[in-house]
1. If the requirement is being under 23 Å from the mean Cα position of the chain (by Cα), modelled with pLDDT of 95 or more, within 11 Å of the ligand (Cβ to nearest atom) and farther than 25 Å from ASP130 by Cβ, which of these qualifies: LEU51, LEU68, LEU39?
2. Would you confirm whether or not the stretch 146-161 contains a residue that is open to solvent by 40 Å² or more (accessible area, probe 1.4 Å) and charged (D, E, K, R)?
3. When both residues are 6+ apart or on different chains and their Cβ atoms are under 6 Å apart, which pairs have a first residue that lies in the stretch 148-161 and is within 21 Å of VAL180 (Cβ to Cβ), and a second that is in a helix (DSSP H, G or I) and within 6 Å of the ligand (Cβ to nearest atom)?
4. Check off (1) farther than 20 Å from ALA298 by Cα; (2) assigned to a helix (DSSP H, G or I); (3) open to solvent by less than 50 Å² (accessible area, probe 1.4 Å) for ILE221 and give me the number that stays unchecked.
5. For the stretch 98-120, which residues satisfy the criterion of being in contact (Cβ under 8 Å) with a residue 24 or more places away in the chain and open to solvent by 10 Å² or more (accessible area, probe 1.4 Å)?
6. Cβ-Cβ distance below 8 Å, separation of 6 or more or different chains: which pairs start in the stretch 330-358 with a residue that is in a strand (DSSP E or B) and buried (at least 21 other Cβ atoms within 10 Å of the Cβ) and end on one that is of a type in the set (S, T, N, Q) and at pLDDT 95 or above?
7. Could you give every pair whose Cβ atoms fall below 7 Å, whose first residue belongs to the stretch 197-210 and is among the aromatic types (Phe, Trp, Tyr), and whose second residue is open to solvent by 30 Å² or more (accessible area, probe 1.4 Å), counting only separations of at least 6 or pairs across chains?
Amino acid sequence: MRVAMIGTGYVGLVSGACFADFGHDVTCVDKDPSKIERLERGEIPIFEPGLDDLVAANVRDGRLSFALDGAEAIRAADAVFIAVGTPSRRGDGHADLSYVHAAAEEIAGLIEGFTVIVTKSTVPVGTGDDIEAIIRARRPDADFAVVSNPEFLREGAAIEDFKRPDRIVVGAEDERAQAVMREIYRPLNLNETPILFTGRRTSELIKYAANAFLAMKITFINEMADLCEKVGADVQQVARGIGLDNRIGSKFLHAGPGYGGSCFPKDTIALVRTAVDAGSPVRLIETTVEVNDARKKAMASRVSEALDGELAGKTVALLGLTFKPNTDDMRDAPSLDVAPALIAMGATVQAFDPEGMTEAAHLLPGVVFKDGPYDAVEGADVVVILTEWDQFRALDLNRVKRLLRQPVMVDLRNVYRPEDMRARGFRYASIGRG
Ligand SMILES: NC(=O)c1ccc[n+]([C@@H]2O[C@H](COP(=O)([O-])OP(=O)(O)OC[C@H]3O[C@@H](n4cnc5c(N)ncnc54)[C@H](O)[C@@H]3O)[C@@H](O)[C@H]2O)c1
């Protein structure tokens with residue numbers, strides 16, 4: 001199949017590279033010239049494990065190319081995927097569809113022969129109808145179908161998730177479009193990945209329902225963690241105790257500083273707005289959003305409490321800035337709430353993140369960036385683990401203790417064991433462990 005991928009970000013580049021690896025002929029298009037230049041030089045503009053090798057191999061084999069101008073690729077395509085951003089719209093939290101609509105306009109002028117337009121971006125219910133109307137208005141006689149195919153990959157494990165997904169969801173009423181989508185995903189038949197065909201609107205909603213459910217699950221265990229602290233229970237054992245029940249499942253039950261990232265915060269708010277507009281509010285998700293926002297804001301006070309309420313004039317070492325490990329993505333990361341709050345309380349913040357510091361430098365004015373975890377810890381009054389990168393799971397704790405002014409750790413990801421840390425002489429605070 002000939003595939004044009006419009007938008008070469010975290011989703012577009014991974015999807016494009018994986019489709020090429022499936023054997024399709026893929027052009028990844030982006031309007032950002034610096035991205036395309038870097039890709040053409042063989043550089044990967046984002047950090048995603050394994051993506052450099054996958055891109056290089058498929059470029060070498062002639063199945064993957066990049067373009068600033070998508071005209072040629074779109075004309076030739078059997079399927080044009082839209083994988084542009086759908087951030088929160090300023091002011092009201094609705095998904096900002098301006099990039100999607102602009103992409104639809106561009107595509108409309110170019111398609112030739114039967115073409116399937118596939119929305120991979122996360123878009124509110126009814127967006128497929130908008131895209132169809134935009135294209136139909138410009139090209140009344142064009143032969144095309146608009147399909148929804150939401151993406152469920154996780155940054156940091158994106159290639160594995162794309163190639164071995166739990167399921168593929170395709171919202172397509174048109175039979176020819178269904179056949180094209182089956183063909184595109186055919187290699188996944190080999191490992192018997194279920195393809196769920198639904199109506200387009202249903203498919204659009206499935207994506208929001210999935211993200212909202214997971215965000216709610218994280219928020220649930222975070223509230224249990226707070227309760228554990230009050231009643232002397234251990235949230236990790238609670239999570240295991242409930243997670244072994246198949247009806248509940250063990251994933252997304254790790255208590256922490258609140259969810260962040262490029263999807264959950266914006267998608268939960270967008271779902272809330274859609275539901276209000278439809279006259280069917282989703283109260284559980286409204287509450288999830290509120291509880292999570294408050295939680296991220298409250299994390300700085302935990303650091304202050306670990307220093308007996310005296311943050312002014314103190315130095316805080318922050319380990320981890322990205323919203324989770326194995327990505328450079330800083331969008332809505334808890335660090336964006338925690339670091340400014342610490343600074344506002346009078347602390348000096350020195351931070352290290354293995355991949356996020358280039359992006360963080362624009363977003364966290366006033367933070368001093370260090371070259372490694374031990375540099376960040378040196379001379380600090382407290383070390384805070386904010387993102388559970390592997391290298392922070394295996395710190396040389398004796399060295400950390402020597403470098404700190406006082407042995408205090410606030411572990412917002414429960415990486416270490418309280419009894420071990422106390423035995424080593426640390427004042428140690430974590431989440432939801434008695
Ligand atoms: N990041 C994730 O983990 C993830 C997972 C599942 C779904 N999604 C969804 O996928 C979509 C894309 O997310 P992302 O994280 O890849 O975004 P991103 O910001 O990393 O990438 C979007 C890219 O689209 C480009 N673009 C915008 N308009 C364009 C146009 N008209 N023509 C060509 N290129 C254009 C931008 O320059 C940018 O490079 C969003 O709707 C998001 O919600 C993201």
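The values are calculated or read from the model by the stated rules, or taken from the named source; none is laboratory data. For clarity, every value in this text was computed on a predicted model and none was experimentally measured. Here Cβ is always computed from backbone atoms with ideal geometry, including for glycine, and neighbour counts include all displayed protein chains. What goes into the accessible areas is simple: the full protein's heavy atoms, side chains included, and nothing from ligands, DNA or RNA. Shrake-Rupley method; radii C 1.70, N 1.55, O 1.52, S 1.80 Å.
1. LEU39
2. yes
3. Qualifying pairs under 6 Å: GLU151/VAL11.
4. (1)
5. Within the stretch 98-120, TYR99, HIS101, GLU105, GLU106, GLY109, LEU110, GLU112, GLY113, PHE114 meet the criteria.
6. From the stretch 330-358, the pairs are VAL349/THR315; ALA351/SER335.
7. PHE197/GLN178
Yes or no, residue by residue, for (1) in contact with a Lys or Arg (Cβ under 7 Å, 6 or more places away or on another chain); (2) of a type in the set (Gly, Ala, Ser); (3) at pLDDT 95 or above; (4) buried (at least 22 other Cβ atoms within 10 Å of the Cβ):
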| site | (1), (2), (3), (4) |
| --- | --- |
| TYR259 | no, no, yes, yes |
| LYS266 | no, no, yes, yes |
| ARG273 | no, no, yes, no |
| VAL276 | no, no, yes, no |
| SER280 | no, yes, yes, no |
| THR287 | no, no, yes, no |
| VAL291 | no, no, yes, no |
| ALA298 | no, yes, yes, no |
